[in-house]
1. Once label points are set 7 Å from the Cα along Cα→Cβ at both A:GLN134 and B:LEU36, what is their separation, rounded to one decimal in nm?
2. Rg over Rh of segment A:34-135, using C-alpha atoms and the Kirkwood radius, what does it come to?
3. Let me check I've understood the local charge: for A:LEU226, count other residues with C-beta under 15 angstrom from its C-beta, Lys and Arg +1, Asp and Glu -1. What total comes out?
4. I'd like the interface area for chains B and A: accessible area of each alone minus the complex, both sides summed, 1.4 Å probe, protein heavy atoms only. What is it in Å² to the nearest 100?
5. From the gyration tensor of the Cα coordinates in segment B:250-308, what semi-axes in whole Å does the equivalent ellipsoid have, largest first, with each one equal to sqrt(5λ)?
6. Mind running the shape call on segment A:62-102? Use the C-alpha gyration tensor, a ≥ b ≥ c as the square roots of the eigenvalues: rounded below 1.5 for a/c, prolate if a/b tops b/c, oblate otherwise.
7. Relative contact order for chain A using alpha-carbon pairs under 8 Å, separation at least 6, rounded to a whole percent?
8. Only helices at least 18 Å long along their own axis, judged from Cα atoms, and with Kyte-Doolittle mean hydropathy of -0.5 or greater: name those in chain B from DSSP H.
Amino acid sequence: MDITRRGVLRAGGALAAGAGLSGLTACSGSGAAGDSGSGAAGSATKGEITVWSWAGPAAEMKALVPAFNAQYPDIKVTVQDIGNPAIWDKITTALAAGGSGLADVLHIGVDYLPGYVEKFPNGLADLSKLGANQYKDAFAQGMWATVAPKGGRVNALPWEANSAGFYYRADVFEQAGVDVKALDTWDDTVEAGKVIKAKTGKYLLGIDKPASQPDAANFFQMLLQLQGAFYFDLDGGITLDSPQAVRAMTLIKQLNDAGLVSDLSGGWNALISSIKAGTNAVVPWPTWFGGIIEETVPQEKGKWGVRLPPTVRRGGSNAATVNSTHLAIAGSSKQQAAAWKFVEFVLTRPENQVKIYKEKGIAPALIKAYEDPVFHAPSEFFSGQKKGEIFLNALEAPSPAYNYSADYARALKVVTDAQTKVLLKGADPAEVLKAAADQLGQQTGRKVVR
Amino acid sequence: MSTATTRRPAPARRAAPRPGPPRLTGRRLAPYLFVLPALALFAAFKLYPIAWSFVLSLHKTIDGTDTFVGADNYTRLLDDPLFWTALKNTAVILLVQVPVMLALATGLAVAFNSAVLRARAVFRLGFFLPMVTGLVAYGVIFSVLLNEKYGLVNWLLQSVGLDAVPWLTDPLWARISLGLALTWHYTGYNAVILLARLQSIPRELYDAASVDGAGAVGAFRHVTLPGLRPALLLTTVLSTIGTLQIFDEPFILTHGGPDNATLTIGVYLYQNAFTFFDFGYASAIAYALAVLIGILGLVQFKVLGDKS
C-alpha cells in the first residue's frame, strides 16, 4: 500500500481531531493537589472564605452567616449553591488541578469522601491540626471512624447522619386495612404490598428501574446495611455477591415480580412527581427525606407516618446509618484557620444544628443537638408521631462501620447495572451479582471475598 | 500607493547566492508575530493537554501517588467488558444512524436544491436550526419529550389510542431515542454541506444526461451522486469523528443506560475520569479512541476518496 504525503496529512488531521477529546482528561493534573494539608494557613479572625454546598444545606449555611459574623465580624463568608450532583464533578476537577479554584469549605457526602482522600492525599486539610480532635466524642457513633478512618488525620467534620427510614401514607394503609406497625420483616411487607395494590391500586414503593441516576441503588443499599453488610468489607475486599446482597436483590425481584414497584426513571424529578401524585404507599428513604416530603405535599399533613424499616430477616436490625455528609477544608485554602472557625460554628454548636433541623429536617450527627425539645415533640405532619425520637433511637442503636472505599463509585455503577438487569430483564439476582463482583474485581484489582 | 513599488522583482543579475538564511527582521518577522498568539494558545490548550494526557495514560494513582505503570492501562482496556460494550454501542450508532442520517441529508439537499420547492430558504433554515441549539438544551428537551409517563410524545401516542413507549427506559428504545435525537440534530447540518456541493455541479451535465435519455433516477445516479462524492466523503468523515466522540446526548438522555445500552466511549471515558477518578485509564481510553478515529478516517479516505 502506498501512502502518499497527502494521505498521511489527512490521517494526521483525523488523529488530531480524535485526540482533541483526550484534552478532556488532560485537565486532570498530577493528582498531587495543594501543597499543604498543614492545616494552619491564614488568620483565625479575619479573611474571606467561600463555601460550596447544594440546595437546602447551602441555604441554611447562608442563613447562619449573620450569626457567625456577630462573633467573627472580619471573616467574610460566601456560600455557593453548586447543586448536587454537579458539586462532585466540580470538586474533582479542582482537586485534580492542584486545588486551584477550589472553595475553602467543601460539603462532601460519605460516598465521595474516601475517594477524594485516597486519590488526592493532600487535597483536604488535616483538621486535627486545627483542633478537630476535641470533638471526637461529640458525634453519633461510627461517624468519627468515617472522617478519621486511620486515626490521627481528620479529613472532615460530620454534619448529618441519616438513618434508614420508612415513610408511609397512613391513610392508604388504613384504607387497605393493613396495620403498618405489625410489619416486622420485609417478607411481611411484600404480602402487605399485595393487599394495598389490590385494595387501593397503589404501588408499595418506587425504584428508578433503568438507573437513570446513581441514587437508583439506594433501596438495595439500605436492605444491605440493615443486615450489617456492604459492597466492601473492612479490609477493602469485594462482598457484592455475599448472601446478604443476594437476599436484598432477591427481595427487590420479589417486589417487582409481584407488580409492587413503580418505575421512578428520571431520578429525583420522578420521585417528587410520584409523591405529589401519591403513586406509592411507602417511601423507604432516610431521615433527611422527611423534610422533603413535608415541603413537597404540605397539604397532606396528618396523612403521613414514619417508622424504622422492617428487618430483612426476622429478629434482625431495623437501624442503619445509611449515609452522612461532612464539611471539609481544602488543602489548598489560604484561609484554613478562618474556614475552620466557620465549620466549627456550623457543626459543633447545637443551636445551629437545631435551627437547620427545624427548617430543613436535616438530621445532625452532633449528639448534643438532640437534647433540644424539637426532637421530642410530636410532628403534626407525621400524624403526631415523635419523628425526631424515632431516628434518634436508630442513631443510638449499635451500627457497624461500612467501608465505602475509594472505589464506591465503580461499585455503585456495577450494582445499578445488575439491579436494572433484574428489574427490566428478570435476571437471576445471584448470577448478576456474581458477575458484578467479578467485574468490579477486574476493574479495581480488589479481591472478591466469597 | 508606495507598497506597489516595493514588490518589484529584483533584477536577475543581482540574484547572486546569498550567504546564510534570510534574516527575520521587519516585514519578514511580522507574520510570525501575528500568528504567535494563536500558536501559543494552541500549544497551551491543545498540544500540552494532548501530550500530558499521553503521560497520564502511562500512570496510575496508587496510594495517592502517580505511579508509572507502562502500558498497563492499555492492556487493561482489552479485558474490560464495559469498554467493549461502549465500543460496540458506538459502532452500532456509526453503522446504523450515520448512513440513515446521510441518506436523509442527501435527499433533503436535493429537495432544497429543487426549483419545485417553494420557500426553500425557510426549509433550509428550519432544518439547519437544530444545529445551533445548545447540546445540553436539546438533550434536556428530548428527555422531557420522551419521558415515559409525563412526556409529550407518549401523551400524543396515547391520545390516539396507542401504547406508551418506554423511550428511555428500555435498552432497545433508548438506542432508538438516541438515534432520533442525533438525526434531528445533525441531518440539517450535513444537508447544507451537501447542498453547497450540489450547487457546484454544472447544469450542462444534467442536460447532457437528459439528452442521453436518463430519467430523474438515472441523472441522480450518474450525475448527482458522483458530483456529491467529495462532500459525501467530508460528511462521512466528520460524522464518523463526531459519532466516535459522542458524549452529550447519551450523557444527558440516558447516562449511558439502561444497563449500558447507550454507553458510548465518550461517556465511559468521562465516567472513568470524573466519577471514578481514574485519570490514567480515562487517558488510555482517549488515546485508543484517537487511534481508532485516525484509522477509520484513513480507511474512509482510501475507500471514498478520489483515486487521483
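1. Rounded to a tenth, the inter-label distance reads 5.7 nm.
2. On the way: Rg = 14.0 Å, Rh = 14.6 Å.
Answer for segment A:34-135: 0.96.
3. On the way: positive: A:ARG247, A:ARG307, A:ARG313, A:ARG314; negative: A:ASP184, A:ASP187, A:ASP188.
Local net charge: +1.
4. On the way: alone 19540 and 19110 Å², together 34120 Å².
Interface between B and A: roughly 4500 Å².
5. Details: eigenvalues 176, 49, 9 Å².
Whole-Å semi-axes of the equivalent ellipsoid: 30, 16, 7.
6. Numbers: a/c = 5.31, a/b = 1.99, b/c = 2.67.
Judged from the Cα gyration tensor, segment A:62-102 comes out oblate (a/c at least 1.5, b/c at or above a/b).
7. Details: 836 pairs, mean separation 114.0, N = 450.
For chain A, the relative contact order is 25 percent.
8. Details: long enough: B:26-42 (24 Å, 1.19); B:98-113 (22 Å, 1.86); B:120-132 (19 Å, 1.32); B:171-198 (38 Å, 0.80); B:225-244 (27 Å, 1.25); B:279-304 (37 Å, 1.83).
For chain B, where a helix must reach 18 Å along its axis and average at least -0.5, the hits are B:26-42, B:98-113, B:120-132, B:171-198, B:225-244, B:279-304.
The values are calculated or read from the model by the stated rules, or taken from the named source; none is laboratory data. Every value quoted in this text rests on a predicted model; they were computed, and no experiment measured them. Because the Cβ atoms are built from the backbone with ideal geometry, glycine has one as well, and the counts that use them run over all protein chains shown. Only protein heavy atoms, including side chains, enter the accessible area calculation; ligands, DNA and RNA are left aside. Shrake-Rupley method; radii C 1.70, N 1.55, O 1.52, S 1.80 Å.
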